[in-house]
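Read the figures in this text as sums done on the coordinates, not as results from a lab. The structure presented is a predicted model; accordingly, all values stated were derived computationally and were not measured. All Cβ positions, glycine included, derive from the backbone under ideal geometry; neighbour counts span all protein chains shown.
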Amino acid sequence: HVMHHEQWHRSVEVLVPTAEQRAHLELSSYAAGRAAFDDVRMALTYEAAKRLFALGEFDRLVRSAGPGNHADRDPGLQLLLAHALALTEDFAGARVTTDSIDAVALPAWGKSQHHIVLGLISEGRGAMRQALDHFQTALRHALSTRDELLIAWAHLRIFRHRVDTDSS
């Protein structure tokens, strides 16, 4: 527990501000004509996005990614961005981002995350049966990874979905 608290504290105090500073410098370079827009847009790294996501800074992650198509980005970053978009109820943006990911080429952990996001998008559209199917597929992929945290999140999504939909 102490180790996780120290990691969280380091993320909040050091890593996130560093990532923001880098993005600010890139944006300043763009404004001064010393950098292309693509250089600025690519300033958000997977590691920085992962930290923002872990801290629950979904709006910040989305803002850091910038507008537009993210198809040229790392699939892990795309998954985090799509997940953040879905959690902030930008289901259209999440769908566009997930559509640009080659899901077949993803490793099992990525397929699990991909289906979690697709499930959230389905919930947002009111397609509850489809959402449950995606969450169950996410669990199958998570089980194949033997990653306990990923398995727990997939189980939690299914549980949460059932609690929210079985109240009738």
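So which pairs qualify, if the first residue must be in the range 74-92 and more than 17 Å from Ala154 (Cα to Cα), the second must be of a type in the set (Gly, Ala, Ser), the Cβ gap must be under 6 Å, and the two must be at least 6 apart or on different chains?
Sorted first by the residue in the range 74-92, then by its partner, the pairs are Leu77/Ala49; Leu81/Ala65; Leu85/Gly93; Leu85/Ala94; Phe91/Gly124.
For the range 95-141, which residues satisfy the criterion of being charged (D, E, K, R), in contact (Cβ under 8 Å) with a residue 12 or more places away in the chain and more than 12 Å from Ala154 (Cα to Cα)?
Arg95, Asp102, Glu123, Arg125
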